[in-house]
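These notes are about the structure you will find just below.
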Ligand code: TXA
Ligand code: MG
């Protein structure tokens with residue numbers, strides 16, 4: 001199968017919408033990362049996602065919707081879920097909710113809950129409207145590899161395995177959505193950190209007078225969420241995390257090692273030196289992180305030594321460090 005990368009013309013959006021409705025796969029841009037979309041209510045279309053990504057069917061998919069009204073067709077929204085959707089949608093927040101019968105088992109890996117999100121990217125919204133269906137979409141990368149933030153990343157990973165990629169340029173945020181499980185009224189749980197923090201969610205719930213505790217301790221998690229296993233989001237090069245790249249590392253680094261600074265250093269070492277942001281902006285670092293890991297991986301560095309986000313980097317810094325920790329985890333850490 002030849003993969004076509006299409007610019008977002010009105011004609012292409014209609015064509016891709018139709019392709020999706022008929023059960024074909026289309027990689028689409030969102031504000032977080034590119035997603036590999038299929039008609040969520042068509043089990044055979046969803047099956048193709050797992051095949052193209054080599055993703056185990058035990059790893060459930062996120063369903064993308066235009067907004068709350070559409071989401072109610074596939075999940076039961078309590079007061080808290082409604083409040084969070086009203087406050088943060090469209091945007092980088094995925095809610096895990098009790099599912100309705102219409103949702104095929106393949107989407108949820110047989111679980112009683114479904115993950116739902118309304119993306120804010122204008123092209124994601126346009127394609128949802130053109131397709132006139134709900135879209136199941138995991139990140140558009142081979143299973144276990146770094147998520148794609150540009151159409152060319154999708155092409156590099158999935159070429160000849162999917163028919164279409166909608167090119168919407170670089171994703172604004174660059175890290176996957178925050179996932180919160182609100183399916184159990186006895187306790188909400190943050191499953192994946194992202195651009196929206198547990199505190200943001202908690203504050204919103206408190207403001208509207210609802211129970212607002214959100215557990216962030218993942219060790220007691222009962223839901224199976226494979227994207228949260230160690231050793232996910234991994235490049236082939238090994239990744240080593242450091243708080244600060246030392247003078248010793250700066251001066252004694254062999255060319256096979258890449259040094260990645262949080263921000264541009266004053267006196268960069270002569271070779272193999274990179275940085276996530278010019279002046280230490282967490283938005284810029286998040287936006288560039290995956291493209292940077294991919295580039296260094298492609299250049300064949302044996303090891304990537306990378307600085308963690310500092311404490312001042314806040315919510316995005318925490319999300320960056322979560323992904324870096326997973327990228328650095330060895331298979332043996334499972
Ligand atoms: O930003 C994002 O969320 C992107 C864009 C495309 O929307 N999507 C994304 O999908 O990152 P994916 O499949 O790469 O990661 C979704 C995570 C997986 O770890 C999956 O296990 C978890 O969400 N998940 C999906 N359904 C779930 C459910 N019912 N309960 C718990 N976890 C679930
Ligand atoms: Mg993924």
Where the second residue is more than 16 Å from ligand 2 (Cβ to nearest atom) and assigned to a helix (DSSP H, G or I) and the first is farther than 21 Å from residue 50 by Cβ and in contact (Cβ under 8 Å) with a residue 60 or more places away in the chain and lies in region 91-108, which pairs have Cβ atoms under 7 Å and are six or more apart or on separate chains?
93/84; 95/81; 95/84; 95/85; 97/81
Residue that is free of Cβ contacts under 8 Å to residues at least 60 places away in the same chain and over 14 Å from residue 182 (Cα atoms), where the choices are 68, 123
68
Would you say residue 26 is more than 16 Å from ligand 2 (Cβ to nearest atom) and in contact with a strand residue (DSSP E or B) (Cβ under 6 Å, 6 or more places away or on another chain)?
yes
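Within region 200-211, can you find the residues that are at negative phi and modelled with pLDDT of 95 or more?
Here is the first cut: in region 200-211, the ones at negative phi are 200-208, 210-211.
The answer is 200, 201, 202, 203, 204, 205, 206, 207, 208, 210.
Identify all residues within region 213-231 that are in contact with a helix residue (DSSP H, G or I) (Cβ under 6 Å, 6 or more places away or on another chain), at pLDDT below 95 and more than 16 Å from ligand 2 (Cβ to nearest atom); write none if there are none.
The initial filter retains those residues of region 213-231 that are in contact with a helix residue (DSSP H, G or I) (Cβ under 6 Å, 6 or more places away or on another chain), namely 214, 216, 230-231.
In the following step, the residues that additionally are at pLDDT below 95 were identified as 216, 230-231.
Once the filter is applied, which keeps residues that are in contact with a helix residue (DSSP H, G or I) (Cβ under 6 Å, 6 or more places away or on another chain), at pLDDT below 95 and more than 16 Å from ligand 2 (Cβ to nearest atom), region 213-231 yields only 216.
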Output for region 134-151, where each listed residue is more than 11 Å from ligand 2 (Cβ to nearest atom) and more than 16 Å from residue 2 (Cβ to Cβ)
134, 135, 136, 149, 150
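With touching a residue at least 12 places away in the same chain (Cβ under 8 Å) and either under 21 Å from the mean Cα position of the chain (by Cα) or buried (at least 19 other Cβ atoms within 10 Å of the Cβ) (or both) as the only criterion, which of 263, 288, 299, 279 stands out?
Details: 263 fails: either under 21 Å from the mean Cα position of the chain (by Cα) or buried (at least 19 other Cβ atoms within 10 Å of the Cβ) (or both); 299 fails: either under 21 Å from the mean Cα position of the chain (by Cα) or buried (at least 19 other Cβ atoms within 10 Å of the Cβ) (or both); 279 fails: either under 21 Å from the mean Cα position of the chain (by Cα) or buried (at least 19 other Cβ atoms within 10 Å of the Cβ) (or both).
Testing whether each residue is touching a residue at least 12 places away in the same chain (Cβ under 8 Å) and either under 21 Å from the mean Cα position of the chain (by Cα) or buried (at least 19 other Cβ atoms within 10 Å of the Cβ) (or both) leaves just 288.
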Unique match (being on the phi > 0 side of the Ramachandran plot, touching a helix residue (DSSP H, G or I) at 6+ places or on another chain (Cβ under 9 Å) and at pLDDT 95 or above) among 126, 132:
132
Within region 171-205, of all residues that are assigned to a strand (DSSP E or B) and within 16 Å of ligand 2 (Cβ to nearest atom), the one surrounded by the most Cβ atoms within 10 Å (Cβ to Cβ) is 178
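The values are calculated or read from the model by the stated rules, or taken from the named source; none is laboratory data. Given the structure is predicted, the values throughout are model-derived calculations rather than measurements. As a convention, Cβ positions derive from the backbone with ideal geometry for all residues, glycine included, and neighbour counts pool all protein chains shown.
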